[in-house]
Structures are given as C-alpha cells and as structure tokens.
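K.L.:
Encoded as structure tokens, here's the structure I'll be asking about.
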Amino acid sequence: MSQQTPSTTVSDADIAKAADRLYAAIEAGVPCEPVRDLIGETDLVAAYKVQNQVNARKQAAGAKVVGRKIGLTSKAVQEQLGVGQPDLGVLFEDMDFPNGGDIPMSRLIQPKIEGEVGFVLGKDLIEGELDKAQVRDAIEYAVAALEICDSRVENWDIRFGDTVADNASSGVYVLGTERRTLAEVEPVDVEMTMSVDGREVSTGNGAACLGDPIEAVVWLAQTARELGQPLLAGQVILSGALGPMATVAAGETVTVTVSGLGTVSARFVEGNNA
C-alpha cells in the first residue's frame, strides 16, 4: 500500500528565506528573528525542508554527518510548544567535544545544557519494522551524554517550526567514556543528576525521555527513514533529555552522572574554537 507523501503550502521562496536567515545567524554568531513568520508554527514538512537546506550548506562547506539528536522528548516541553511529537536534528563531526575538555563559548550563541543517554549504532536501521527489538539489536553501546543545546533564534523565542528548522536547536555534545551494552544497563531505569560547579541543577530518569530512551530511538529510526535519511551503523544518537534544561556560563564546569553509565563533564571557557 502506497503512503501519501506529506505536503506543504509554504512556498519554496519562503523556505529559502528561512534557511538564509538561520544560516546567516550561524555564520555571524548572532541570533535572528524566528522563522515562523515564513513557514508557520506547526508545518512539519516546511520546517524539515528548511533544516535540510541549512544542513546541506554546512555539508557543502565540509561538515560531516556523524549522527542524530532527538528533541522535544519531554511532554511538558511538547505542551509548551503545542505539539504532540518529538523532533530530530543532525549531528556533525565538529559538534563532538572530548569528555573533560573545554568548550569555547565563542562556538555557541545562547547555550543550554541537558543530561542524556547517548547511543552508538552497530547496525544500519534501514530495512524491516524498525521496532523496539530491532532497535535494541542495532545499538552497539550506551554512554552518558552531555548535550549543549543552542538556538539561532533570539531569546529562545521558538515554536515547533522554529526549532525543527534550526536543526532541533542543536549545539555541541560530549560523550562519556564508559561504554555499556544493553545487556549491562537498561536505559529506562537510569537516574541522572546534572551539576554546575558542584551545584545540582537538574535531575531525572530514563522514563522521562518518551517513557524510555529506546522508544525515543524507535521513533527516530522510523522518522529518519520516512524523511529519506535512515540511521546508519557507527552513528551517534542523542536520545533526549532525562531532566530539565539549565543555563551555563563561561568559567563553569558541568558534570552529568547517569547511573550505570558513569559521568561526563566539560568546562565552558572564553575564547575561540581554535
């Protein structure tokens, strides 16, 4: 049975204008106005077209895709933005920073931090049902992850269309070094604590991420395939926040602890990404 291809009423010209606006913000390091005036607040097709155009420009400039991130996994955040589903963004090689290393604030515009479970795939997720059993089998290992979200939209004044178009408000990320198979740790059962300079700023658990981080990856695998960009072996997957976002400033050190997966940390510093 053929599936009807989703469509949009947003013109190609307005999609291009939205992509231009976001890409200019990326290049200048200065936030821009929201793009919902051009593509609407909830037009999924238009928003992903903008995201694809912006990401294509990054790739044309040499950026290499290494994975995906899932956003809006919290029901509270979904309600805030008036949507009933998560979104996805692309991870590029230059977003990856080492555990315990420095992250230059010049790389970011208005960062916010999240503690998550990260996964690395050992198998492609292209064929088949892409159900929970298949996704679990495809995951090579899990790690603690620190995602630094960022928004090119001024003051984080976003609706669903804005964040999708803006690569799901992606910034950079850090993966822990303790790798565990799903035989060794059950992601739905993990507990997460995030601190800034030793001060607790967020707590949560695996069930806070769409009920189970594995279910988040199931959604991602199916959606990515529908969008024509299926998940591949070797890719990094950031499965979504386990607790509330927090802000971070230069000079601060962030530490995320995930039970069964250890800790991951980074220090935020002034200066250039040299």
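Coordinate-derived values only; no laboratory data. None of the values given here were measured: they were computed from a predicted structure. Backbone-built Cβ (ideal geometry, glycine too); neighbour counts: all protein chains shown.
K.L.:
So, in nm, how far is label Ala233 from label Arg267 when the simple model puts each one 7 Å beyond its Cα toward the Cβ?
P.N.:
Label-label distance for Ala233 and Arg267, simple model: 3.9 nm.
K.L.:
Also, quick follow-up: With springs only between Cα atoms under 10 Å, which of Ser195, Ser106, Ser259 fluctuates most in a Gaussian network model of the chain?
P.N.:
Ser106
K.L.:
Further, regarding this structure: To make sure I understand the rule: partners must be lysines, Cα under 23 Å from the Cα of Lys64, and not fewer than 8 residues away in the same chain. Which ones qualify?
P.N.:
Lys49, Lys123
K.L.:
At Ala56 and Gln134, where each label point lies 7 Å from the Cα along Cα→Cβ, what is the point-to-point distance in nanometres?
P.N.:
For the pair Ala56/Gln134, the computed spacing is 2.8 nm.
K.L.:
Taking a cut-off of 15 Å between Cα atoms, list the aspartates and glutamates near Lys75, but don't count ones fewer than 8 places away on the same chain.
P.N.:
Asp87, Asp212, Glu215
K.L.:
Right, next: With the crude spin-label approximation of a point 7 Å out along Cα→Cβ, what separation in nm comes out for Glu226 versus Asp102?
P.N.:
Result for the modelled spin labels: 4.4 nm.
K.L.:
Sticking with this structure for a sec: For the stretch 92-108, in order, what is each residue's ³J(HN,Hα) by Karplus, 6.51 cos²θ - 1.76 cosθ + 1.60 with θ = phi - 60°, in whole Hz (x at glycine and Pro)?
P.N.:
Values per residue, Gly and Pro as x: 10, 4, 7, 7, 7, 10, x, 4, x, x, 9, 10, x, 5, 5, 6, 10 Hz.
K.L.:
Now a separate question. For the stretch 129-196 and the stretch 203-274, what is the separation of their C-alpha centers, rounded to whole Å?
P.N.:
2
K.L.:
Between Thr253 and Thr181, what is 0.36 nm times their sequence separation minus the Cα-Cα distance? Round to one decimal in nm. If you can, show how the numbers build up before the last one.
P.N.:
Working: separation 72, 0.36 × 72 = 25.92 nm, distance 2.80 nm.
Computed gain between Thr253 and Thr181 is 23.1 nm.
K.L.:
Select from the stretch 24-72 those trypsin sites (Lys or Arg not before Pro) which occupy a DSSP coil region and have at most 13 other Cβ atoms within 10 Å, ordered by residue number.
P.N.:
Numbers: sites: Arg36, Lys49, Arg57, Lys58, Lys64, Arg68, Lys69; in loops: Lys64.
Listed in order of number, the matching sites are Lys64.
K.L.:
At 222 nm, what value in deg cm²/dmol follows for the chain if DSSP H runs of at least 4 each add -39500 (n - 2.57) and the sum is divided by all its residues, to the nearest 500? Let's see the in-between values first.
P.N.:
Details: 7 runs with 72 residues, N = 274.
My calculation for the chain gives -8000 deg cm²/dmol from helical runs alone.
K.L.:
For the chain, calculate the relative contact order in percent as a whole number, restricting contacts to Cα pairs under 8 Å that are 6 or more residues apart.
P.N.:
Details: 638 pairs, mean separation 71.4, N = 274.
Once divided by the residue count of the chain, the mean separation gives 26 percent.
K.L.:
List the GluC sites (Glu not before Pro) within the stretch 212-274 that fall in a DSSP loop (any state other than H, G, I, E or B) and whose Cβ has at most 14 other Cβ atoms within 10 Å.
P.N.:
Details: sites: Glu215, Glu226, Glu252, Glu270; in loops: Glu252, Glu270.
Sites meeting the loop and neighbour criteria: Glu270.
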